[in-house]
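A.B. asks: A single structure is presented below for examination.
The values are calculated or read from the model by the stated rules, or taken from the named source; none is laboratory data. Since the model is a prediction, treat every value here as computed from it, not as a measurement. Here the Cβ is made from the backbone with ideal geometry for all residues, glycine too, and neighbour counts use every protein chain on show. Side chains included, ligands, DNA and RNA excluded: accessible areas come from the protein's heavy atoms. Shrake-Rupley method; radii C 1.70, N 1.55, O 1.52, S 1.80 Å.
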Amino acid sequence: MTTLFYLSSAVVLIAAALGISRRSPFHALLYVVVSLLAVAVIFFSLGAPFAAALEIIVYAGAIIVLFVFVVMMLNLGSSEDRRETGLLSPAVWVGPGMLALVLLVEIVVVLVRGGAATAGVAVDPKMVATTLFGPYALGIELASFLLLAGLVGAAYLGAGARTTGGDR
């Protein structure tokens, strides 16, 4: 499990650095997805499978889909459309594919060996809900308003680009 933890940590760092350094939002998105999946593997290796499942469902699922919708709403024009057709080339998928392959090999090795996660307290959904909506309820509400403001801002920018020819 220690090897799994350190290898997943290396994948997180590499994927995050590549995600930050990409010019195309779609390329960056691929690396961010790999990074989030590697964080889920880290949670699993630390003995928190519920946190790993939440990481995959909430972050690698819902928030990434939201990001894709925002990028699609902005509709950056025909020059961007030509550049996006290059996303279908296999060269774009080599980096994220290799990092995802490392994560897949890690998980297969752990499942075949039957390695146990490090000892810790099992966290069930009721404990998570009690904690989130107890002392941290204000923080959760503030985060939801921040996400809503980002979505409204993206809709405004997307509508402005479509109606005024991209002046905003």
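A.B. asks: Against the conditions (1) at pLDDT below 80; (2) surrounded by 10 or more Cβ atoms within 10 Å (Cβ to Cβ), where does THR130 fall short? Just the number, please.
C.D. replies: Answer for THR130: the failing condition is (1).
A.B. asks: All but one of (1) free of Cβ contacts under 8 Å to residues at least 60 places away in the same chain; (2) closer than 27 Å to PRO90 by Cβ; (3) surrounded by fewer than 18 Cβ atoms within 10 Å (Cβ to Cβ) hold for ALA60; which doesn't?
C.D. replies: Status for ALA60: all satisfied but (3).
A.B. asks: I'd like to verify a number: residues in region 20-51 that are open to solvent by less than 30 Å² (accessible area, probe 1.4 Å) and modelled with pLDDT of 85 or more, how many?
C.D. replies: Qualifying residue count for the region: 7.
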